[in-house]
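Accompanying notes for the structure given below.
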Amino acid sequence: MPRASHPHAMQPRNPGSTRTAPPQMPPKFPMQGRYRAYTLFDWTGLIYLLLGFLALRIVWALGDGEAAWNFVMEQFQNPIYIGFHVLSLVSVIFVGVRFFGFFPKAQPPRIGPVKPPPQPVILAGLYAAWVGVTVVMTLILTGALFR
Amino acid sequence: MSEQQKKKFVITRFDPDRDEVPKTQEYEIPVQPDWKVLDALNFIKDEVDGSLSHRWSCRMAVCGSCGMMVDGEPKLTCKEALSNYGDTVEIAPLANFPIVRDLVVELDGFMDKFKSVKPWIIRAKERAVEEGPMRQSPEELEEFKQFSMCINCMLCYSACPVVANEPEFIGPAAIALGHRYSLDSRDEGAAERNEVFRGEGTVFSCSFANECSEVCPKHVDPAAAVNQAKFNAVIDWAQGLILPRGGK
Amino acid sequence: MKHLLLKFEPLIWLLFGQGVLLGTLLLTGWVLVVGVLAPLGIAPLLSFADAHELAATLIGRLVLAGLIVLPLWKGAHHMRHVFIDMGGADRDATVAPLLYLIALVGSVAGIIAVVRL
């Protein structure tokens, strides 16, 4: 038998007098079928938290001076850091693909008098922005722009 | 004459007068190649075990009565071809709902959530009969029409992981219907509904699993409605910061 | 606490949404170069002097602030969902504020970090 949902899931405000059996969880939740992608999507939250704090560390080191900056950059050559960043890159791309796929249909049909663009246009725009920002960021960080 | 195909059905049974907890019972029956899952259930009830309880009505996927878990996924049993399933088919009551008996679930919890979103046209001032009917263009209709197609089958509630874990969450179908009315050009109740959408059953509990839209047999796309409703609730909140409602 | 969470939910959702959208846009190139290509020696990285000069511009500070703050709110909000999905809804009123506090502390530290560059 599947495991139980929250004991009060879908319970009426005024339950009847007949005893009911407790609600059951969808059997494929959390890691089977389509639920797997959803659960992994939520777990990327941990990766994003760590990335945010790592970015904080880098920027703080940048403010502390060259020695601190070099120390952090040397640490990033540790295979554990590289492994984490490879996993992070995969996670960020996974998040982008899933979220950008949903984003167009989440826009209301109008905001006041303004209608959003058609959904395929929004999706194309998101991917164009993603590629554009990534290319510009890469060129800047590698010194190809603004050296 | 070729031998008729047989399939085994593993069906959840629960009699509140006799059973502590639900259990499963197996039935092996001959099946026809053009049967839906519901045909098999009706055969079992008619020919094998008259005590089996299940809801059904229209047999053509418009009434929303026959929703059940088939091989772990919420389906309308009148719509699902039996040929899509293997030699053993598991049938259980809709997930996330209290079980009344066998495959029948308690619906009043959904009715409470349904009513809470005020699913009717709200006018600031009722229109007088002499003013004639309210007019609506085809473009205005298109803005909400998709969300009006819901047949209240509740497959979306069975699929939703938030419904499973957060009892107060209003849920996909009810939010989609409330949003349908807020989008209706004849309606003036969006602000009232936004108070419900930001209340205890908050639309922001939705984590965009999109399972509701995946299982919806009528392509209502409740996930789109819920997330549009979040957006509108944010605009309502931002407007409230700039222009507090005061005595409204 | 539940009432406070409901009151601030639109703001948290906005921050979370931008954490996913803008955060993902910014993070891809950042993680690619700083986390993978440069440490592996496949691509060069800005020198400290160049990095500091760029970072200290207004746009540089804004982008770096975004790189710190936005992922934190996406992360906190999604970890809240993970906790609820694991059956923790009844303790959400305790856990959610803790997660958002982590994001808030990180955000404040991030703003200080870009200001002091």
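Of all residues in segment C:16-43, those satisfying the criterion of being at negative phi, more than 8 Å from chain A (Cβ to nearest Cβ) and open to solvent by 20 Å² or more (accessible area, probe 1.4 Å) are C:F16, C:Q18, C:L22, C:I42.
A:D42 satisfies every condition listed in (1) free of Cβ contacts under 8 Å to residues at least 12 places away in the same chain; (2) more than 25 Å from C:A113 (Cα to Cα); (3) more than 7 Å from chain C (Cβ to nearest Cβ); (4) open to solvent by less than 40 Å² (accessible area, probe 1.4 Å) except (3).
Have a look at B:C58, B:C66 and point out the one that is within 30 Å of B:Q5 (Cβ to Cβ), open to solvent by less than 50 Å² (accessible area, probe 1.4 Å) and either in contact (Cβ under 8 Å) with a residue 24 or more places away in the chain or in contact with a Lys or Arg (Cβ under 8 Å, 6 or more places away or on another chain) (or both). Unique residue meeting the criteria: B:C66. Summed over segment C:88-99, the residues that are closer than 19 Å to A:G52 by Cβ and touching a His at 6+ places or on another chain (Cβ under 8 Å) give a count of 1.
Residue pairs whose Cβ atoms lie under 9 Å apart, sitting 6 or more positions apart in sequence or on different chains, and linking a residue in segment B:69-97 that is under 21 Å from A:T20 (Cα atoms) to a partner that is hydrophobic (A, V, I, L, M, F, W, C) and open to solvent by 40 Å² or more (accessible area, probe 1.4 Å), are B:A92/A:M1; B:P93/B:V100; B:F97/B:L107.
The number of residues in segment A:50-83 being hydrophobic (A, V, I, L, M, F, W, C), under 22 Å from C:V105 (Cα atoms), within 7 Å of chain C (Cβ to nearest Cβ) and open to solvent by 20 Å² or more (accessible area, probe 1.4 Å) comes to 3. Residues in segment B:229-242 that are surrounded by fewer than 23 Cβ atoms within 10 Å (Cβ to Cβ) and within 12 Å of chain A (Cβ to nearest Cβ): B:F231, B:N232, B:V234, B:I235, B:D236, B:A238, B:Q239.
Among the numbered conditions (1) assigned to a loop (DSSP other than H, G, I, E, B); (2) touching a helix residue (DSSP H, G or I) at 6+ places or on another chain (Cβ under 9 Å); (3) surrounded by fewer than 18 Cβ atoms within 10 Å (Cβ to Cβ), the only one that A:F102 does not meet is (1). For segment B:199-208, a tally of residues being under 14 Å from B:A225 (Cβ atoms) and within 10 Å of chain A (Cβ to nearest Cβ) returns 1.
Filtering segment A:1-54 to residues that are under 22 Å from B:E106 (Cα atoms) and not in a loop (DSSP other than H, G, I, E, B) leaves A:A4, A:A21, A:Q24. Among the residues that make up segment B:78-92, is at least one of them under 20 Å from B:F14 (Cα atoms), of a type outside the set (V, I, T) and modelled with pLDDT of 95 or more? The answer is yes, given that some residue of segment B:78-92 is under 20 Å from B:F14 (Cα atoms), of a type outside the set (V, I, T) and modelled with pLDDT of 95 or more. Condition check: more than 10 Å from chain C (Cβ to nearest Cβ), in contact with a Leu (Cβ under 7 Å, 6 or more places away or on another chain) and in a helix (DSSP H, G or I). Does A:P120 satisfy that? Considered against the rule, which asks whether it is more than 10 Å from chain C (Cβ to nearest Cβ), in contact with a Leu (Cβ under 7 Å, 6 or more places away or on another chain) and in a helix (DSSP H, G or I), A:P120 comes out as no. Of all residues in segment B:200-236, those that are more than 19 Å from the chain's Cα centre (by Cα) and either on the phi > 0 side of the Ramachandran plot or in contact (Cβ under 8 Å) with a residue 40 or more places away in the chain (or both) total 2. In segment B:72-112, of all residues being of a type in the set (D, E, K, R) and more than 8 Å from every other protein chain (Cβ to nearest Cβ), the one that is surrounded by the fewest Cβ atoms within 10 Å (Cβ to Cβ) corresponds to B:D87.
Does segment B:27-37 include one or more residues that are touching a Cys at 6+ places or on another chain (Cβ under 6 Å), open to solvent by 30 Å² or more (accessible area, probe 1.4 Å) and free of Cβ contacts under 8 Å to residues at least 40 places away in the same chain? No, segment B:27-37 contains no residue that is touching a Cys at 6+ places or on another chain (Cβ under 6 Å), open to solvent by 30 Å² or more (accessible area, probe 1.4 Å) and free of Cβ contacts under 8 Å to residues at least 40 places away in the same chain.
Confirm whether C:W13 is among the aromatic types (F, W, Y) and more than 7 Å from chain A (Cβ to nearest Cβ).
Details: among the aromatic types (F, W, Y): yes; more than 7 Å from chain A (Cβ to nearest Cβ): yes.
It is true that C:W13 is among the aromatic types (F, W, Y) and more than 7 Å from chain A (Cβ to nearest Cβ).
The values are calculated or read from the model by the stated rules, or taken from the named source; none is laboratory data. Computed from a predicted model, the values in this text were never measured in an experiment. Backbone-built Cβ (ideal geometry, glycine too); neighbour counts: all protein chains shown. All accessible areas refer to the heavy atoms of the entire protein, side chains included, with ligands and DNA or RNA removed. Shrake-Rupley method; radii C 1.70, N 1.55, O 1.52, S 1.80 Å.
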